[in-house]
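Everything below concerns the one structure shown next.
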Amino acid sequence: MRIKLQALGCRLNEAELQTWARQLQRQGHRIAGDSEAADLVVINTCAVTAEAVRKSRKLLRRARRADPQARLVVSGCFASLEGDALAREQGVDLLVPNRDKDRLVTIAARELDLDARAQGASQPTTNPLFTRGRQRAFVKVQDGCRYRCTFCIVTLARGSERSRPLAEVIAEIDRLGTEGIQEIVLTGVHLGGYGSDLQSDLSALLRAVLADTDMPRIRLGSLEPWDLPETFWELFENPRLMPHLHLPLQSGSDTVLRRMARRCGTGDFARLVGTARERVADFNVTTDIIVGFPGETRAEWQQTLAFVEALGFGHLHIFPYSPRAGTRAATLPGQLDERTKKDRSRQLHALGRRMKLRALAPYVGRRLPVLIEGRYGGASTDAWFGYTPNYLPVRIPGGGTEDPTNRILDLTLTAVHTDGDHLIGHP
Ligand code: SF4
C-alpha cells in the first residue's frame, strides 16, 4: 500500500510517526510523500492548545479531500480526548487512543486487513526521514507524566509514566546509525521521569546511549527543570552529548508558578541554569513561556519580563495562554482578554529578539561543527542551514556544487545575520 503519515505538535508525535513508518516499510508498504496519492493515511493529532485542535481538525478534513478513497487512521492527544465522536464526525476508519499507539501498526493491520495488500516483508532501504527531508531523528524513550500542572492537557491525554526498555532504545539508535542518521533527539512527555518505573533514571539512559552506540550527536528533547539526577551534568563532558537544553520555565513569577502547580520556582530555575553554565562549556538554554495565565497581574508580568531578561535565553517559545477543557486552569478566575495576551506576547517577542542577538554575538570568529540539514528557506535558495552543537542556527552561503546535506562541517562563524536570528558560517 501507499501510506501517508502526518503529525502535528510535539517531537514525541514525530518520533512515533517515524517508528510507524519503519514498521510499515518492514511489512512491505511504501511511504508516500505529502503530494502523492495514498491508500492509507495515518494522522497523529495534537491538543496542547485550541489552535492545535483547530489544526488537527483541518488536517483530517484535508486528508479526506486529498485521498477520498484512502482509509483514515487517527491517533494522538486530540483523538484520545475526543474519542468516537471525532471518528464519526470526520469519517475516520480507525481511531487508536494514546494508550495503544505503540501498537498502532499491529492494530491497523488487524482491523483494516493491511497485510493482504503488503508487497511482502522487506528491510527499509532508505530511512523514511530522508524521504521527508529530515536529518535528525526523534527517539521516543518515555511517555506519560505523574504531575498535574494546572494548564496541561497532555498529562490527561497521555496518562501515567512509562519508560521504553533500554535495550529497545539502543537498538533503535543503532539502526538509525546504520541508515546514515548522525543526530538523534531523545524525547518524552516527562523526559526527566525516564526510568521511574524501571528503577533507573535519565543519567543511566544517557550513559548507556553514549557507551553502547556510535551516534555522533545526541540531543535531549524538552526537559522539565526538576527530577534531574545528581550525576546529570558530568555526562556533558562527553562531546557527543550536545550542550543545549530546552527547559520550560512557563513564568518568571513565583505566584503564577504556584497557580500553575509547577514543581520549580524561579530560584530553583536560576540555580539549575547557573550550575549548567558553570559545568558545561557553551551551554545554551532555551525555554517556553505561557503569556497571560489566568489572574496574571501587571506586576506578575513585569516579574516575568525581568526574570527572563536577567537570566538570558538562546531562544523563547512563547504561548498565549489557551484554556483547555478538563484542566484546572481553565476554570480559574481572572481569565485575561486576548488583547492583553497579544500585547504581552509582543513585549516578550521583542525581548526574545534582543536576547537572541546577545546569545549569538559571542560566537562570531569561533569555529564549530555544524550538521547541515538542507537548503535554507527551501529549494529555491542556494544557501544551506544547520545547527551548532549548542543549537545555534547557522546559514551557509551556497555557491558550491556539492550538496552538503547530512554532513557535519567545521565552519568558521563570520557574522550574525542582519535579521538577527542566525549566524553566518563558512567552511
Ligand atoms: S510536567 Fe509537563 S507534561 Fe507533566 S503536567 Fe506538567 S507540563 Fe504537563
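The values are calculated or read from the model by the stated rules, or taken from the named source; none is laboratory data. All of these numbers come straight from a predicted model, not from anything done at the bench. Cβ: placed from backbone, ideal geometry, glycine included. Neighbour counts: every protein chain shown. Protein only, heavy atoms only, side chains kept; ligands, DNA and RNA dropped before computing areas. Shrake-Rupley method; radii C 1.70, N 1.55, O 1.52, S 1.80 Å.
Checking ARG407 against (1) under 30 Å from VAL256 (Cα atoms); (2) surrounded by fewer than 17 Cβ atoms within 10 Å (Cβ to Cβ); (3) charged (D, E, K, R): exactly one of these is not met. Which one?
(1)
I'd like the residue in segment 173-205 that is out of contact with any helix residue (DSSP H, G or I) (no Cβ under 9 Å at 6 or more places or on another chain) and among the small types (Gly, Ala, Ser) and, out of all such residues, is most open to solvent (accessible area, probe 1.4 Å).
SER196
Can you say whether ILE184 is modelled with pLDDT of 95 or more and either away from the ligand (no atom under 15 Å from the Cβ) or farther than 21 Å from GLN18 by Cα (or both), as far as the supplied structure shows?
Numbers: modelled with pLDDT of 95 or more: yes; either away from the ligand (no atom under 15 Å from the Cβ) or farther than 21 Å from GLN18 by Cα (or both): yes.
In short, yes.
Output yes when any residue across segment 296-315 is out of contact with any strand residue (DSSP E or B) (no Cβ under 6 Å at 6 or more places or on another chain) and within 16 Å of the ligand (Cβ to nearest atom), and no when none is.
Residues of segment 296-315 out of contact with any strand residue (DSSP E or B) (no Cβ under 6 Å at 6 or more places or on another chain): 296-312.
So of that shortlist, the ones also within 16 Å of the ligand (Cβ to nearest atom) come out as none.
No, segment 296-315 contains no residue that is out of contact with any strand residue (DSSP E or B) (no Cβ under 6 Å at 6 or more places or on another chain) and within 16 Å of the ligand (Cβ to nearest atom).
I need every pair where a residue in segment 245-257 that is touching a residue at least 12 places away in the same chain (Cβ under 8 Å) and assigned by TED's automatic domain parsing to the domain that holds ASP288 has its Cβ under 6 Å from the Cβ of a residue that is away from the ligand (no atom under 15 Å from the Cβ) and among the hydrophobic types (A, V, I, L, M, F, W, C), sequence separation at least 6 or different chains.
Note: pairs meeting the criteria are LEU245/VAL285; LEU247/VAL285; GLY252/PHE307; GLY252/VAL308.
Every residue in segment 139-172 that is away from the ligand (no atom under 16 Å from the Cβ), in contact (Cβ under 8 Å) with a residue 40 or more places away in the chain and either crowded, with 23+ Cβ neighbours inside 10 Å or in a loop (DSSP other than H, G, I, E, B) (or both), please.
Correct list: VAL139, VAL169.
Return yes when GLY420 is open to solvent by less than 70 Å² (accessible area, probe 1.4 Å), assigned by TED's automatic domain parsing to the domain that holds PHE151 and at positive phi and no when it is not. Show your work before the answer.
Values: open to solvent by less than 70 Å² (accessible area, probe 1.4 Å): yes; assigned by TED's automatic domain parsing to the domain that holds PHE151: no; at positive phi: yes.
So GLY420 does not fit the description; no.
Residues in segment 393-416: is at least one under 23 Å from ALA350 (Cα atoms) and in a loop (DSSP other than H, G, I, E, B)? Before the answer, list the steps.
Within segment 393-416, the subset under 23 Å from ALA350 (Cα atoms) is 393-395, 415-416.
Adding the requirement that they be in a loop (DSSP other than H, G, I, E, B) leaves none.
Checking segment 393-416: not a single residue is under 23 Å from ALA350 (Cα atoms) and in a loop (DSSP other than H, G, I, E, B).
Pick out, from segment 1-97, the helices (runs of 4 or more DSSP H) lying fully within it that include 3 or more residues that are modelled with pLDDT of 90 or more. It would help to see each step written out before you state the result.
Details: elements: 11-26, 50-66, 77-82, 84-90.
Per the criteria, 11-26, 50-66, 77-82.
Of everything in segment 364-389 that's outside any loop (DSSP other than H, G, I, E, B) and open to solvent by 60 Å² or more (accessible area, probe 1.4 Å), which residue is farthest from GLY180 (Cα to Cα)?
Filtering segment 364-389 for residues outside any loop (DSSP other than H, G, I, E, B) gives 367-375, 384-387.
From what's left, open to solvent by 60 Å² or more (accessible area, probe 1.4 Å): 367, 375.
On the way: ARG367: 24, ARG375: 19 Å.
Of everything passing the filter in segment 364-389, ARG367 is farthest from GLY180 (Cα to Cα).
Is it fair to say PRO294 is under 18 Å from TYR321 (Cβ atoms) and of a type outside the set (Val, Ile, Thr)?
Yes; evaluated as a whole, the condition is true for this residue.
Just to be sure I understand, how many residues within segment 302-326 are without any contact (Cβ under 8 Å) to a residue 40 or more places away in the chain and open to solvent by less than 70 Å² (accessible area, probe 1.4 Å)?
Qualifying residue count, segment 302-326: 3.
Would you confirm, using the coordinates I've provided, whether ASP410 is on the phi < 0 side of the Ramachandran plot and touching a residue at least 40 places away in the same chain (Cβ under 8 Å)? Talk me through it step by step, then tell me what you get.
Working: on the phi < 0 side of the Ramachandran plot: yes; touching a residue at least 40 places away in the same chain (Cβ under 8 Å): yes.
Here the answer is yes, as ASP410 does meet what is asked.
Taking into account only those residues within segment 34-90 that are of a type in the set (D, E, K, R) and touching a residue at least 60 places away in the same chain (Cβ under 8 Å), which is surrounded by the fewest Cβ atoms within 10 Å (Cβ to Cβ)? Reasoning before the result, please.
Pass one, segment 34-90, residues of a type in the set (D, E, K, R): 34, 36, 39, 51, 54-55, 57-58, 61-62, 64-65, 67, 71, 82, 84, 88-89.
Still in the list and also touching a residue at least 60 places away in the same chain (Cβ under 8 Å): 39, 51, 67.
Working: ASP39: 17, GLU51: 12, ASP67: 19.
If we take residues in segment 34-90 being of a type in the set (D, E, K, R) and touching a residue at least 60 places away in the same chain (Cβ under 8 Å), then GLU51 is surrounded by the fewest Cβ atoms within 10 Å (Cβ to Cβ).
From the list ALA299, ALA350, ALA329, ALA361, which one is surrounded by fewer than 17 Cβ atoms within 10 Å (Cβ to Cβ), within 21 Å of GLY265 (Cβ to Cβ) and either of a type in the set (A, V, I, L, M, F, W, C) or touching a residue at least 40 places away in the same chain (Cβ under 8 Å) (or both)?
On the way: ALA350 fails: within 21 Å of GLY265 (Cβ to Cβ); ALA329 fails: surrounded by fewer than 17 Cβ atoms within 10 Å (Cβ to Cβ); ALA361 fails: within 21 Å of GLY265 (Cβ to Cβ).
Sole residue among the options that is surrounded by fewer than 17 Cβ atoms within 10 Å (Cβ to Cβ), within 21 Å of GLY265 (Cβ to Cβ) and either of a type in the set (A, V, I, L, M, F, W, C) or touching a residue at least 40 places away in the same chain (Cβ under 8 Å) (or both): ALA299.
For segment 206-224, which residues satisfy the criterion of being within 16 Å of the ligand (Cβ to nearest atom) and open to solvent by less than 10 Å² (accessible area, probe 1.4 Å)? Steps first, answer last, please.
Step one: of segment 206-224, the residues within 16 Å of the ligand (Cβ to nearest atom) are 220-224.
Result: LEU220, GLY221, LEU223.
Considering each of ARG271, ARG262, ARG240, ARG279 in turn, give the residue that is within 15 Å of the ligand (Cβ to nearest atom) and open to solvent by 10 Å² or more (accessible area, probe 1.4 Å).
Working: ARG271 fails: within 15 Å of the ligand (Cβ to nearest atom); ARG240 fails: within 15 Å of the ligand (Cβ to nearest atom); ARG279 fails: within 15 Å of the ligand (Cβ to nearest atom).
Every option except ARG262 fails the conditions.
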